[in-house]
Amino acid sequence: MKLEEIITVDPEIQFGTPVFTGTRVPIESLFWHLEKSISLDDFLDDFPSVTREQAVALIEVASEVLTRSDFFKFYEIAA
């Protein structure tokens, strides 16, 4: 899945907060749910406009970024 199919950043949607594409659901809400030990299924029930494919793809993207051997260099560029 392409990144554009997962995440949208648009100043007209939620003041530019990254959201799941095609929704107004902030990306942050998935991580908040997981942090609180709320299951992916419950997250998807809470936000039916987000597809399972989008949520899983986002977790995969986060994993790829955070497990890079050059993470700190990557982070410095992104920050």
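The values are calculated or read from the model by the stated rules, or taken from the named source; none is laboratory data. No experiment lies behind these values; they were computed from the predicted model shown. Cβ atoms come from the backbone with ideal geometry, glycine included; neighbour counts cover every protein chain shown.
Listing for the model above:
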read-out	value
Identity of the residue in region 37-64, touching a residue at least 40 places away in the same chain (Cβ under 8 Å) and either small (Gly, Ala, Ser) or within 21 Å of Tyr75 (Cα to Cα) (or both), that ends up surrounded by the most Cβ atoms within 10 Å (Cβ to Cβ)	Leu58
Qualifying residues in region 12-66 (those that are acidic (Asp, Glu) and more than 12 Å from the chain's Cα centre (by Cα)) - the one modelled with the lowest pLDDT	Glu64
Some residue of region 21-36 being in contact with an Asp or Glu (Cβ under 6 Å, 6 or more places away or on another chain) and crowded, with 16+ Cβ neighbours inside 10 Å	yes
